[in-house]
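This report concerns only the one structure given below.
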Amino acid sequence: MKLRGLYAITDSQLLAGKFLPYVEAALEGGVTLLQYRDKSQDESRRLREAEALAELCARYNTQLIINDDAELAARLGVGVHLGQTDGPLTPARALLGRNAIIGSTCHAQIDLAEQAAREGASYVAFGRFFNSVTKPGAPAADIALLEQAHDRIHLPICVIGGITLDNAAPLVAHGASLLAVIHGLFGADSTQEVTRRARAFNALFASA
Ligand SMILES: Cc1ncc(COP(=O)(O)OP(=O)(O)O)c(N)n1
Ligand SMILES: Cc1nc(C(=O)O)sc1CCOP(=O)(O)O
Ligand SMILES: [Mg+2]
């Protein structure tokens with residue numbers, strides 16, 4: 001499967017009261033990867049929501065990724081995204097199998113991406129590229145990093161952090177394969193606008 005296009009990430013606060021309609025609206029516009037990101041400790045809600053997303057993704061032929069939680073990903077037979085403090089990649093790969101999509105947060109550090117590649121990551125994520133409403137304190141990355149990454153990392157490159165339709169094009173032009181977006185997609189005031197934004201993010205790849 002080609003990992004290229006829009007990587008939509010859910011946010012439990014932003015999507016409160018409109019979780020499934022907004023996610024479905026994004027899928028309608030085209031989503032390559034959908035990440036379930038819920039930072040709460042409410043295990044039963046997390047399982048319920050992740051199961052609902054797995055069903056929705058199956059209908060739209062979209063790959064589901066669970067943030068932080070390799071055990072939940074294994075339970076659903078889907079992929080996982082792991083940050084630097086979310087546990088090692090090698091056991092996650094052993095747990096999920098060779099075909100699972102496993103992503104790794106690499107901040108602005110190429111050496112972390114090289115290590116992730118050696119340990120079996122499917123893609124590496126760099127960020128944050130712009131000011132992020134969702135995660136303002138994430139370490140900053142800049143576009144020059146993408147050129148180095150392109151030369152040294154032979155995996156799809158995901159970019160994240162404050163990405164919107166107004167600032168995404170240069171990231172794609174500099175080699176980003178996946179645009180990971182929360183607020184720039186789901187911070188819309190209607191489902192129609194979410195679908196329009198998803199389509200517009202995808203169009204950036206068609207013209208690159
Ligand atoms: C695609 C993608 N990239 C980066 C992150 C951030 O992961 P992490 O550093 O573990 O932070 P949290 O998202 O867990 O707060 C991500 N989730 N997805
Ligand atoms: C979850 C996350 N990780 C980041 C990183 O840089 O690793 S930035 C970020 C937030 C992404 O949300 P938004 O698109 O609303 O800025
Ligand atoms: Mg994490």
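The values are calculated or read from the model by the stated rules, or taken from the named source; none is laboratory data. Not measured: the values here are computed from a predicted model. Quick reminder, even Gly has a Cβ in these numbers, built from the backbone with ideal geometry, and neighbours come from all protein chains shown.
Residue 189 meets the conditions (1) farther than 23 Å from residue 101 by Cα; (2) loosely packed, with under 15 Cβ neighbours inside 10 Å; (3) touching a residue at least 40 places away in the same chain (Cβ under 8 Å) in every case but one. The failed one is (3).
Annotation note: of 137, 87, the sole residue that is within 20 Å of residue 161 (Cα to Cα) and within 15 Å of ligand 3 (Cβ to nearest atom) is 137.
Looking at 155, 179, 204, which is the one that is touching a helix residue (DSSP H, G or I) at 6+ places or on another chain (Cβ under 6 Å) and closer than 15 Å to residue 105 by Cβ? Break it down into steps so the answer makes sense when it comes.
Details: 179 fails: closer than 15 Å to residue 105 by Cβ; 204 fails: closer than 15 Å to residue 105 by Cβ.
Among 155, 179, 204, only 155 is touching a helix residue (DSSP H, G or I) at 6+ places or on another chain (Cβ under 6 Å) and closer than 15 Å to residue 105 by Cβ.
For beta carbons closer than 9 Å, sequence separation of 6+ or different chains, a first residue in the stretch 133-156 that is charged (D, E, K, R) and a second that is assigned to a helix (DSSP H, G or I) and surrounded by 11 or more Cβ atoms within 10 Å (Cβ to Cβ), the qualifying pairs are 152/110; 152/113; 152/114.
When you check residue 100 against the structure, is it within 12 Å of ligand 1 (Cβ to nearest atom), more than 27 Å from residue 166 (Cβ to Cβ) and surrounded by 20 or more Cβ atoms within 10 Å (Cβ to Cβ), yes or no? Judged against the criteria, residue 100 is not a match. The residue that is farthest from ligand 1 (Cβ to nearest atom), among those in the stretch 71-91 that are in contact (Cβ under 8 Å) with a residue 24 or more places away in the chain and among the aliphatic types (A, V, I, L, M), is 76.
Among the residues of the stretch 164-202, count how many are part of a loop (DSSP other than H, G, I, E, B), away from ligand 3 (no atom under 16 Å from the Cβ) and not charged (D, E, K, R).
11
Check whether at least one residue in the stretch 176-186 is at pLDDT 95 or above, away from ligand 1 (no atom under 16 Å from the Cβ) and over 16 Å from residue 5 (Cβ atoms), and report yes or no. No; the residues of the stretch 176-186 include none that is at pLDDT 95 or above, away from ligand 1 (no atom under 16 Å from the Cβ) and over 16 Å from residue 5 (Cβ atoms). Note on the stretch 143-163: among residues that are within 16 Å of ligand 1 (Cβ to nearest atom) and assigned to a loop (DSSP other than H, G, I, E, B), the one that is surrounded by the most Cβ atoms within 10 Å (Cβ to Cβ) is 163.
Filtered by the rule that a residue be surrounded by fewer than 16 Cβ atoms within 10 Å (Cβ to Cβ), hydrophobic (A, V, I, L, M, F, W, C) and within 16 Å of ligand 3 (Cβ to nearest atom), the stretch 34-84 gives no residues. Taken together, the residues in the stretch 103-130 that are in contact (Cβ under 8 Å) with a residue 40 or more places away in the chain, part of a helix (DSSP H, G or I) and either buried (at least 24 other Cβ atoms within 10 Å of the Cβ) or of a type in the set (Ser, Thr, Tyr) (or both) amount to 1.
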